[in-house]
Amino acid sequence: MKVYAVGGAMRDTLMGLPINDVDYVVVGSTVEEMTANGYRPVGKDFPVFLHPQTQAEYALARTERKSGIGYKGFHFYADPTVSLEQDLERRDLTINAMAQEVGADGKWIGPIIDPFNGQADLAAKIFRHVSDAFAEDPLRLLRVARFSARFPEFSVAEETLLALKAIMNSDELSALSAERIWQELARGLVASKPMQMFQVLLNTSAAKTILPSNLTALLAKEGFREGLIEHYDKASNHLEERCAITLMGLSASEIRSWADAIRMPIEVRDFSEIFSDLGQLVNQYPDGQYPAVDVLAWFNRADIWRKPDRGQMLLDLAKRLGFKVSVLIAAMRHAQALSTADIISGIAVQDRSNGERIGSAFESARLAAITSALLSLAN
């Protein structure tokens, strides 16, 4: 049997990028031989094994045949007669369909095996699909969109764009699980240029199926896209920030509806909703003259009392985007500095076990602190 390093590891090596994971393909072996050599089987749909020492994944060379809908609707065939080229042919893009033999010592040896001219497309910075089977897997539309965000200098080959549109027209995107869609979107959001991902979704009309309708409408406007690009450049690549920026034009209820449908992590969803509410507060008072009661309402919404780091992160992001929130930051710090003991001591002894009375005392103290801070800053 022979072992080959394949896929993204080859691509990233040629691009001079760090390699995080290496996919290995084994040609000319069987399940029995792999297990006899100490490899532990872990694949459910096709034979994948963990190396006995490194725990890296090794997959038997395989072919596939479309047998149903969605990215799981395939029948895989793994056999010692399946060649490396046959295995590479089932991959998505030519730049991901290269391989190099791995020696007994684990080092890559020999020439790069490139049956589909991936190196040429890599040099030309083109995403080009390997074969007609590309359009059978709806997940590949999202993968190309996500790759476009990671490698924004690349363009999609015309024939590949047609294949992506064929995926969209097949209605197979509806067969993708919400979790898998979110996984691809999330990876694209934290890439270098998220707008490139959205541009692919717009160009293929997939945005109408995957994204909230109001966001799709906004993304269709050039001015909104340009503003979003500027915001991305000012933010970090943390998923919470990137997602909040993307969805800031939507209401909290719209965000919640899509987040639930897409299985968005709760912490990312909450951050986006609260940031949207902050944006509405800022837009309501463009002169920066915020009423203390509205400020307190947003502080409570953001729960800055129990989650001060999140509150600071939300306001810091808003400040980087140019929102007038300096007074909110100062008011937050002033209110957070209140002494819990002092507030409790101001409550009549007989009321100190009354939850409603205690809550009211805290609200009053916080409102007074915010009011004082806003007045001092105004002066």
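The values are calculated or read from the model by the stated rules, or taken from the named source; none is laboratory data. The structure presented is a predicted model; accordingly, all values stated were derived computationally and were not measured. Backbone-built Cβ (ideal geometry, glycine too); neighbour counts: all protein chains shown. Accessible surface is based on the protein model in full, side chains and every heavy atom, while ligands, DNA and RNA are left aside. Shrake-Rupley method; radii C 1.70, N 1.55, O 1.52, S 1.80 Å.
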field: Inter-label distance, nm, simple model (7 Å from Cα along the C-beta direction), ALA261/ARG40
entry: 4.1
- prompt: What does the charge dipole of the stretch 1-150 about its Cα centre add up to, to the nearest 20 debye, if the Cβ of each Lys and Arg holds +1 and the Cβ of each Asp and Glu holds -1?
  reply: 500
message: Tell me the carbon and sulfur percent of the accessible area for the chain, rounded to whole percent, probe radius 1.4 Å.
response: 50
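Could you state the accessible area per residue of the stretch 1-151 in Å², with a 1.4 Å probe and every protein chain left in place?
47
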query: Just by accessible area at a 1.4 angstrom probe, what is the order of ILE370, ILE358 from largest to smallest?
result: ILE358, ILE370
- prompt: Mind checking the angle between helix 308-320 and the chain's longest principal axis? C-alpha axes, 0 to 90 degrees, to the nearest 10.
  reply: 80
Sites GLU158 and GLU222, calculated FRET efficiency, Cβ-Cβ separation with R0 22 Å, nearest 0.05: 0.45
- line: Between (1) 18.6; (2) 29.1; (3) 24.4, the structure-derived mean projected area of the Cα convex hull in nm² is (3)
field: Extension gain from ILE19 to SER253, taking 0.36 nm per residue of separation minus the Cα-Cα distance
entry: 80.2 nm
Residues listed by number, the stretch 37-61, amide nitrogen under 15 Å from MET1 label point at 7 Å toward C-beta: 37-43, 46-61
- prompt: Relative contact order (percent) for the stretch 184-288, with alpha-carbon contacts under 8 angstrom and 6 or more residues of separation?
  reply: 24
- request: Kindly sort SER148, SER376 by accessible area of their heavy atoms, largest first, with the probe set to 1.4 Å.
  value: SER376, SER148
- request: Could you list which residues have their amide H under 5 Å from that of VAL48, counting only those 5 or more apart in sequence or on another chain, with H placed in the peptide plane?
  value: VAL42, GLY43
- line: Computed curve, the stretch 179-253, Cα-only Debye sum without solvent term, log₁₀ I(q)/I(0) at 0.21, 0.22, 0.27 Å⁻¹, is -0.96, -1.07, -1.63
statement: Here, trypsin sites (Lys or Arg not before Pro) of the stretch 106-153 satisfying both criteria (DSSP loop; at most 14 other Cβ within 10 Å) are LYS107, LYS125
- request: For the stretch 190-246, report the accessible area per residue in Å² (1.4 Å probe, heavy atoms, rounded to an integer).
  value: 44
task: Whole Å is fine, so just give me how far the alpha carbon centre of the stretch 337-355 lies from that of the stretch 93-127.
output: 69
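Just need the Rg to Rh number for the stretch 190-233, please, alpha carbons only, Kirkwood Rh.
Rounded to two decimals, Rg/Rh equals 0.94.
Quote the charge dipole size of the chain about the Cα centre in Debye, to the nearest 20; the model charges only the Cβ of Lys and Arg (+1) and of Asp and Glu (-1).
Magnitude of the dipole: close to 720 debye.
At most 13 other Cβ atoms within 10 Å and a DSSP loop assignment: could you name the trypsin sites (Lys or Arg not before Pro) in the stretch 292-379 that fit?
Passing sites in the stretch 292-379 are ARG306, ARG352.
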Positive dipole terminus of the chain, leading residue within LEU201, GLY103, LEU173 (C-beta point charges): LEU201
query: What spacing in nm lies between the two simple spin-label points modelled at ILE358 and LYS319, each 7 Å away from Cα in the Cβ direction?
result: 3.3
message: What do you get for the angle between helix 158-169 and the principal long axis of the chain? Use alpha-carbon atoms, 0 to 90 degrees, nearest ten.
response: 70
- line: Interchain or sequence-distant (5+) residues whose placed amide H lies within less than 5 Å of the amide H of PHE127 are SER155, VAL156, ALA157
- prompt: Can you pull the Kirkwood radius for the stretch 225-269, inverse mean 1/r over Cα pairs, to one decimal in Å?
  reply: 11.1
statement: Only helices counted: for the chain, with every DSSP H run of 4 or more residues adding -39500 (n - 2.57) and the sum spread over all residues, [θ] at 222 nm is -16000 deg cm²/dmol
query: If you bin the C-alpha pair distances of the stretch 1-64 every 10 Å from 0, what whole percents do you get?
result: 21, 51, 24, 4
- prompt: If we sort 335-343, 214-222 on the protection proxy, mean other Cβ atoms within 10 Å, highest first, what's the order?
  reply: 214-222, 335-343
task: Count neighbours as other Cβ atoms within 10 Å of each site's Cβ, and list the GluC sites (Glu not before Pro) in the stretch 108-216 that are DSSP loop with at most 10 such neighbours.
output: GLU153
statement: Between the Cα axis of helix 194-203 and the main Cα principal axis of the chain, the angle (0 to 90°, nearest 10) is 70
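Give, to the nearest whole percent, the P(r) tail of the stretch 71-136 beyond 20 angstrom, counting all Cα pairs. List each step's numbers first, then the result.
On the way: 819 of 2145 pairs.
Everything past 20 Å amounts to 38 percent.
Percent relative contact order of the chain, based on C-alpha pairs within less than 8 angstrom and at least six residues apart?
9
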- prompt: Accessible surface of HIS231 in the full protein assembly, 1.4 angstrom probe, to the nearest 10 Å²?
  reply: 40
- prompt: If you find the alpha carbon centre of the stretch 218-256 and of the stretch 1-58, how far apart are they in angstrom?
  reply: 38
Estimated inter-spin distance, ALA123 and LYS307, nm [label 7 Å along Cα→Cβ]: 5.1
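Per the Kirkwood treatment, what hydrodynamic radius in Å, one decimal, follows for the stretch 282-362 from the mean inverse distance over all distinct Cα pairs?
Answer for the stretch 282-362: a Kirkwood hydrodynamic radius of 14.1 Å.
Quick one: work out the % antiparallel among DSSP beta bridges in the chain, nearest 5.
80
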